[in-house]
Amino acid sequence: MVAESGFGTGLNFLTLWQAFDQFREAHPQAQLQRLHFISFEKFPLTRADLALAHQHWPELAPVGGTASGAVAFAPARLPSFIAR
């Protein structure tokens, strides 16, 4: 479980995702099977801005081929969140 405040451009997430994939490839029998990542962002970027930022780090391309492909996993921006 990884928790982060300030998601920003998501570069920490992409780096972690890449490292986790490499770990899973090197250790397929390891007990750690899933990556759990929670992040909060007060001023979330648009999907277009995320894709633009990710173009500068092609080495962080996650599963699926391109870093900007991770934008497809970005949840919709919500004006507020209330936990009950």
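Brief remarks follow.
- Karplus-derived HN-Hα couplings along region 50-58 (A = 6.51, B = -1.76, C = 1.60, θ = phi - 60°), whole Hz, x at Gly and Pro: 4, 4, 5, 5, 5, 4, 7, 10, x
- Net charge of neighbours whose Cβ lies under 13 Å from the Cβ of N12, counting Lys and Arg as +1 and Asp and Glu as -1: -2
- Placed amide H near A61: partners under 5 Å, 5+ positions off or other chain: A67
Since every read-out is calculated from the coordinates, none of them should be taken as a lab result. Note that the structure is predicted; figures quoted are calculated from it, not measured. Counting neighbours? That spans all protein chains shown, and the Cβs are built from the backbone with ideal geometry, glycine included.
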